[in-house]
1. Give the number of residues within the range 115-131 that are without any contact (Cβ under 8 Å) to a residue 24 or more places away in the chain and either in contact with a strand residue (DSSP E or B) (Cβ under 6 Å, 6 or more places away or on another chain) or not small (Gly, Ala, Ser) (or both).
2. Restricting attention to the range 11-30, which residues are surrounded by 15 or more Cβ atoms within 10 Å (Cβ to Cβ) and of a type outside the set (Ser, Thr, Tyr)?
3. Going through the range 34-66 one residue at a time, which ones are at positive phi and either surrounded by 12 or more Cβ atoms within 10 Å (Cβ to Cβ) or in contact (Cβ under 8 Å) with a residue 60 or more places away in the chain (or both)?
4. State yes or no: is residue 19 within 20 Å of residue 147 (Cβ to Cβ), outside the structural domain of residue 149 (by TED's automatic domain parsing), out of contact with any Leu (no Cβ under 9 Å at 6 or more places or on another chain) and not polar (S, T, N, Q)?
5. Given the options 131, 150, 123, name the one that is assigned to a loop (DSSP other than H, G, I, E, B) and not assigned by TED's automatic domain parsing to the domain that holds residue 20.
6. Can you name the residue in the range 109-161 that is β-branched (Val, Ile, Thr) and either within 30 Å of residue 44 (Cβ to Cβ) or out of contact with any helix residue (DSSP H, G or I) (no Cβ under 8 Å at 6 or more places or on another chain) (or both) and is also modelled with the lowest pLDDT among such residues?
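The values are calculated or read from the model by the stated rules, or taken from the named source; none is laboratory data. Fair warning: this is a prediction, and the values are worked out from it, not measured in the lab. Cβ placement follows ideal geometry from the backbone for every residue including glycine, while neighbour counts extend to all protein chains displayed.
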Amino acid sequence: MSQSIFVQIQGDTRLLEVPVAATLTEAGLHAALASAGITVGPDLAVFIDESDEPIGGDPERPVRGVKDGCRVHVARCRRIKTVVNFNEKSLTREFPPGARVRAVKKWAVKEFGLDHKDAAEHVLQLCGSPVRPASDTPLHLMVKDHECAVCFDLVPEKRVEG
């Protein structure tokens, strides 16, 4: 029985579908990635979905968290320093590269003490830019080069003047 995973690579906007076995070891995952043209060198780490730690260490170890349709992230950054600005305050936290924008917003909303209504009316926008990434965008797709950092402003989704 086989399944498909979706691979995202830091610095590459493509989403690659890769077939894998239903039960998968670390060596089997690396072989599947290699067959799809993705070489995982010593400067890259492989993360399953939003896991905090990369896989690695024992090629025969089963890979946890791999299921049909899951995302696998191949990234240079092991952690991404994430800054969120809101009302002249800033918060900083490190996230794994596969963490999605929605996880950052959830954390920021809690830390800034926004109520549910206010939180629903705000979005994350890349600092110094009009770009508002989709909530399911992994952080590693927004870092520049080898910087391993991203900055957001928590802004109103719509500004109503009246």
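1. Step one: list which residues in the range 115-131 are without any contact (Cβ under 8 Å) to a residue 24 or more places away in the chain, which gives 115-120, 128-131.
Pick out the ones that are also either in contact with a strand residue (DSSP E or B) (Cβ under 6 Å, 6 or more places away or on another chain) or not small (Gly, Ala, Ser) (or both) and you get 115-118, 130-131.
Residues meeting the conditions: 6.
2. Step one: filter the range 11-30 for residues surrounded by 15 or more Cβ atoms within 10 Å (Cβ to Cβ), giving 16, 18, 20, 24-26, 28-30.
Across the range 11-30, the qualifying residues are 16, 18, 20, 24, 26, 28, 29, 30.
3. If we filter the range 34-66 for residues that are at positive phi, which is where we start, we get 37, 49, 56-57, 65.
Answer for the range 34-66, where residues must be at positive phi and either surrounded by 12 or more Cβ atoms within 10 Å (Cβ to Cβ) or in contact (Cβ under 8 Å) with a residue 60 or more places away in the chain (or both): 49, 56, 65.
4. Numbers: within 20 Å of residue 147 (Cβ to Cβ): no; outside the structural domain of residue 149 (by TED's automatic domain parsing): yes; out of contact with any Leu (no Cβ under 9 Å at 6 or more places or on another chain): yes; not polar (S, T, N, Q): yes.
In short, no.
5. Values: 150 fails: assigned to a loop (DSSP other than H, G, I, E, B); 123 fails: assigned to a loop (DSSP other than H, G, I, E, B).
Residue meeting the stated conditions: 131.
6. Within the range 109-161, the subset β-branched (Val, Ile, Thr) is 109, 123, 131, 137, 143, 150, 155, 160.
So of that shortlist, the ones also either within 30 Å of residue 44 (Cβ to Cβ) or out of contact with any helix residue (DSSP H, G or I) (no Cβ under 8 Å at 6 or more places or on another chain) (or both) come out as 131, 137, 143, 150, 155, 160.
Values: 131: 96, 137: 95, 143: 93, 150: 97, 155: 97, 160: 58.
Residue satisfying both the conditions and the ranking: 160.
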